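**Q** Sharing a structure, written as structure tokens. Questions coming.
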Amino acid sequence: MEERILAPTPPAPAQHPTVLTKHGDTRIDPYFWLRQRANPEVVAYLEAENEHTDAAMSATAGLQERLYQEIVARIQQTDVSPATFFKGWWHYVRTVEGLDYEILCRRRDSMDAPEEVELDVNQLAQGHEYFELGFVERSPDENILAYAVDVTGNELHELRFRDLTSGRDLEDVLDGVYYGSAWSADSRTFFYVRTDKAMRPHQVWRHMLGTPTSADVLVLQEDDERFELSVELTKSERFIVFTSSSQVTSESRYLRSDEPDGEPVLIEARRPGIEYSVDHQEESFLILTNDGARNFRLMAAPLDRPGRESWQEVVPERPGVRLNAIDVHAGHVVLGQRSDGLERLEILDSASGELHIIDQPDAAYTAFAGSNPVYESTVMRFFYTSLNAPWSTFDYDMNTRERTLVKEQPVPGGYNRADYVTERLWATAPDGVLVPLSLVYRRGLQRSGANPTMLYGYGAYEIPSDPMFDAARLSLLDRGFVYAIAHVRGGGDMGREWYEEGKFLNKTNTFDDFIACALELIKQGYTNPGKLAIRGRSAGGLLIGAVVNSRPDLFACAVAQVPFVDVLTTMLDESIPLTVNEYEEWGDPNDPEFYDYMKSYSPYDNVHRARYPALLVTAGLNDPRVPYWEPAKWVAKLRPATLSARPILLKTDLGAGHSGPSGRYESWREEAFVSAFVVDQLEAAG
């Protein structure tokens, strides 16, 4: 594959645009014109790139098909989720072999009762190249199902309401609806969210069933471009909570759900750097906040005096423990907390104040609260997994501490977790910080220094990269791969400090940590640079772009999916999504200090003459989060810069957005395509 011969050449526009920054600097961006989505030349260029990628990958067609068949064979294609009992109904979701999408079902009182299909997503998806079910919300009386669909990948939904008694949709149809919604107690009033032109959710509206959308009422509007609005119903169903949040600041308001026409009441006004979230338990609001607690603490306030002056501490901040989330029951609170680099579940008995952690069998695992919607229940549901343990669903009695296995993910083909080994390593970053690495590989693997290895990373938004099972990964492990996760700074793997040390003017710690993890894998004899592949998505694609600029010699192959690589230009453009409200994550480049720092690591701005590894880069034409032109421009700039003959491929999904293909079979084909690229390139490099 002679990349520089076969690859499409971007046609030169009549005049390359000049990008002007707000503090006077100018630079020429020869590929800026690729932002012209409506330009037929742009679409033709993306199509030509896809054709080139298909041609370059044609020799792997057989491998792709084998990988795809292996993935499909390890998935229980006809399956049923664990059922949940709520308000007289057993709710569950099932899948059918050969069908892409889920079927939402229920049975009255008993699982032996006749099945009622609430929503067959396969029927809804017919005739659409792309389809995503954005959200579903059942009315409190269980008679109406609100459901939102996206048929382009732009994350703006058409909202409809299904009468579950008749099985027919009502005449009410709302367009351009974003994520987030809530029913009021009357099962007739519905709250939903709309975005501004920059795709920022900035309004909450109220709709009454049976009335025209022109009669809908604007309930709240957030004018600060750094903040986003959301709405949700508490588990108790007594309150509707509206939250305005930026990356580091938030405030909430509430309405009684039986008074949907009321004016939302402010709980506590926003203060810079102070975050809090709100739920309801009996006669109190429960408030999870970093006010006076860097790693968060749990507070309670009376319903009639919810402001900060009335907050009383329930669970204090504890050294090394980051409180992330709460799941509230009438007599208990499930705390999602992170300590020692692991996500743990902790139970608070609200009457006694006693705390206990749910013990788990593995040294490295992921566990989080699940789907028991019954507020009064003393049983909580949680999900459990690790790199070699398939997903399991448990019911846990919070009083007796007894756990019941509800369902374990079946893995057809005779999977035995004992055949796979998991490990935790620690790499030393340049500043001396120890960075955790999670590994999985097939038992019997030798540390010969020659094992093909995939290293994954993310490192942003305080989102952790927890060790989770993936049946599709087995195809690589059974081919002798080591799979590793680098728990780099910028993520939430090790508490709030871990996040803060990988953002703003500390962002390059994320990249240094990842490189340190790669070097540790080599040092420990797992692999070598000719056998090392790396992978990241979205903000993780930024990570991939930065490290291949910094150490192109260290990797043989890289996969960057919908990568955020044109950091500086994007963050200077307030007209596109995720710019102003991202200042609190990346910094404001209108500040010269941040401008210079971003420019120092932005992958697109730092492409240089080097022997780059083989690269597979993906994009979505309708992506509202990372515009398609970022990966397209990056690839176009990399090609003339690389000194190697290794391929640099761009694959753009012309009918999808940030999440890639929507149907499960197409998603598995994409995974087989990516895996085939990696296997092929590491064999060629080795």
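Taken together, the values in this text are just the output of simple stated rules run on the coordinates, not laboratory data. The model shown is predicted, which means the values in this text are computed figures rather than measured ones. Because the Cβ atoms are built from the backbone with ideal geometry, glycine has one as well, and the counts that use them run over all protein chains shown.
**Q** Sort Ile534, Ile485, Ile357 so the one with the fewest other Cβ atoms within 10 Å of its own Cβ comes first. Write out the running numbers ahead of the final one.
**A** Values: Ile534 29, Ile485 24, Ile357 12.
So the ranking, lowest neighbour count to highest, is Ile357, Ile485, Ile534.
**Q** Considering the options Leu521, Ala73, Leu405, tell which one lies farthest towards the positive end of the dipole of the chain, charges being +1 on Lys and Arg and -1 on Asp and Glu at the Cβ, about the Cα centre.
**A** Going by the Cα projections, it comes out as Leu521.
**Q** Between helix 40-56 and the chain, what is the angle of the helix's C-alpha long axis to the longest principal axis, kept within 0 to 90° and rounded to the nearest 10?
**A** 70 degrees
**Q** Where does segment 556-686 land on Rg/Rh, using Cα atoms and the Kirkwood Rh? Intermediate results must be reported in sequence, preceding the final value.
**A** Numbers: Rg = 16.0 Å, Rh = 15.9 Å.
Ratio of gyration radius to Kirkwood radius for segment 556-686: 1.01.
**Q** Could you tally the net charge around Glu137, taking each other residue with its Cβ under 13 Å from the Cβ of Glu137, Lys/Arg +1 and Asp/Glu -1? List each step's numbers first, then the result.
**A** Numbers: positive: Arg138, Arg160, Arg162; negative: Glu118, Asp141, Glu142, Glu232, Glu237.
In short, -2.
**Q** On to the next question. To the nearest 20 debye, what charge dipole does segment 377-491 have about its Cα centre, counting +1 at the Cβ of each Lys and Arg and -1 at the Cβ of each Asp and Glu? Walk me through the numbers before you get to the answer.
**A** On the way: 12 positive and 11 negative charges, 57 e Å.
Here segment 377-491 has a charge dipole of around 280 debye.
**Q** Under the Kirkwood approximation for Rh and a Cα-based Rg, what ratio Rg/Rh is obtained for segment 200-283?
**A** Working: Rg = 13.5 Å, Rh = 13.7 Å.
We get a ratio of 0.99 for segment 200-283.
**Q** Helix 592-601: angle to the longest alpha-carbon principal axis of the chain, degrees 0 to 90, nearest 10?
**A** Computed tilt is about 60 degrees.
**Q** Let me ask something additional. How big is segment 384-457 by the Kirkwood estimate over distinct Cα pairs, in Å?
**A** Working: mean 1/r = 0.0639 Å⁻¹.
Final number for the Kirkwood radius of segment 384-457 is 15.6 Å.
**Q** Normalised by the number of residues in segment 60-217, what is the relative contact order in percent for Cα pairs under 8 Å and 6+ residues apart? Each step should come with its number before you reach the end.
**A** Numbers: 296 pairs, mean separation 16.6, N = 158.
11 percent.
**Q** Something else now. Tell me, what HN-Hα J-couplings in whole Hz come from the Karplus equation 6.51 cos²θ - 1.76 cosθ + 1.60 at θ = phi - 60° for each residue of segment 278-290, using x for Gly and Pro?
**A** These are the phi-based 3J(HN,Hα) values: 10, 9, 10, 9, 6, 9, 9, 8, 9, 10, 9, 8, 9 Hz.
**Q** Rounded, prolate or oblate for segment 77-165? Axes are the square roots of the Cα gyration tensor eigenvalues, ordered a ≥ b ≥ c, and the cut-off for rounded is a/c under 1.5. Before the final figure, lay out each step's value.
**A** Values: a/c = 2.47, a/b = 1.39, b/c = 1.78.
Verdict is oblate for segment 77-165.
**Q** With r as the distance between the Cβ atoms of His128 and Ala61 and R0 = 35 Å, compute the FRET efficiency 1/(1 + (r/R0)^6) and round to 0.05.
**A** On the way: r = 27 Å, r/R0 = 0.77.
Once the sixth-power term is evaluated, E becomes 0.85.
**Q** Would you be so kind as to identify which of Phe135, Ala48, Ser58 lies farthest towards the positive end of the dipole of segment 45-195, taking Lys and Arg as +1 and Asp and Glu as -1 on Cβ and the Cα centre as origin?
**A** Phe135
**Q** Can you pull the percent of Cα pairs in segment 323-409 with separation above 19 Å? The partial results should precede the final answer.
**A** Values: 1249 of 3741 pairs.
Pairs farther apart than 19 Å: 33 percent.
**Q** Residues in segment 458-495 near a label at Asn506, defined as backbone nitrogen under 18 Å from the 7 Å Cα→Cβ point?
**A** Within reach of a label on Asn506, which here means backbone N under 18 Å from a point 7 Å along Cα→Cβ, segment 458-495 contributes 458-465, 487-495.
**Q** A further question follows. For His608, His487, what's the fewest-to-most ordering of other Cβ within 10 Å of each Cβ? Intermediate values should be presented prior to the final figure.
**A** Values: His608 10, His487 27.
Ranked by crowding around the Cβ, least crowded first: His608, His487.
**Q** Spelling out what I want: for every residue of segment 667-684, take phi, set θ = phi - 60°, compute 6.51 cos²θ - 1.76 cosθ + 1.60 (Karplus), and round to whole Hz; glycine and proline get x.
**A** 5, 5, 5, 4, 5, 5, 4, 4, 4, 5, 4, 5, 4, 4, 6, 6, 5, 5
**Q** Which whole-angstrom value gives the distance between the alpha carbon centres of segment 172-209 and segment 73-149?
**A** 22 Å
**Q** Report the net charge of residues surrounding Ala185, where surrounding means a beta-carbon distance below 10 angstrom and charges are Lys +1, Arg +1, Asp -1, Glu -1.
**A** Working: positive: Arg188, Arg238, Arg256; negative: Asp141, Asp186, Glu237, Asp258, Glu259.
Neighbourhood net charge equals -2.
**Q** Counting only residues 5 or more places away or on other chains, whose amide H sits under 5 Å from the amide H of Leu649 once H atoms are built in the peptide plane?
**A** Residues meeting the criterion, in which the H sits 1.01 Å from N, are Leu615, Leu616, Val617.
**Q** So, with +1 on the Cβ of K and R and -1 on the Cβ of D and E, and no other charges, what is the size of the charge dipole of segment 323-409 about its Cα centre, to the nearest 20 debye? The partial results should precede the final answer.
**A** Working: 6 positive and 13 negative charges, 39 e Å.
Here the size comes out at about 180 debye.
**Q** State the dimensionless ratio Rg/Rh of the chain (Rg: radius of gyration of Cα atoms; Rh: Kirkwood radius).
**A** Values: Rg = 25.3 Å, Rh = 26.7 Å.
Rounded to two decimals, Rg/Rh equals 0.95.
**Q** Kindly put Arg496, Arg611, Arg424 in sequence by how many other C-beta atoms sit within 10 Å of each C-beta, fewest to most.
**A** Working: Arg496 18, Arg611 11, Arg424 14.
Fewest to most other Cβ atoms nearby, the residues stand as Arg611, Arg424, Arg496.
**Q** Taking Cα atoms, how many degrees apart are the long axis of helix 629-641 and the longest axis of the chain, rounded to 10 and kept between 0 and 90?
**A** Here the helix axis deviates by roughly 20 degrees.
**Q** For every other residue with a beta carbon closer than 12 angstrom to the beta carbon of Ala429, add +1 if it is Lys or Arg and -1 if Asp or Glu, then tell me the sum.
**A** Details: positive: Arg489; negative: Asp431, Glu501, Asp512, Asp513, Glu520.
Spelling it out: positives minus negatives among the neighbours equals -4.
**Q** Using the structure shown, select from Lys87/Lys235; Lys599/Lys637; Lys503/Lys599; Lys235/Lys407; Lys531/Lys599 the pairs with a Cα to Cα distance greater than 19 angstrom.
**A** Values: Lys87/Lys235 13 Å; Lys599/Lys637 16 Å; Lys503/Lys599 15 Å; Lys235/Lys407 24 Å; Lys531/Lys599 30 Å.
Over 19 Å Cα-Cα: Lys235/Lys407; Lys531/Lys599.
**Q** Quick one: what Rg and Dmax do you get for segment 77-322 from the alpha carbons, in Å?
**A** Expressed in Å, the Cα Rg and Dmax of segment 77-322 come to 19.7, 58.
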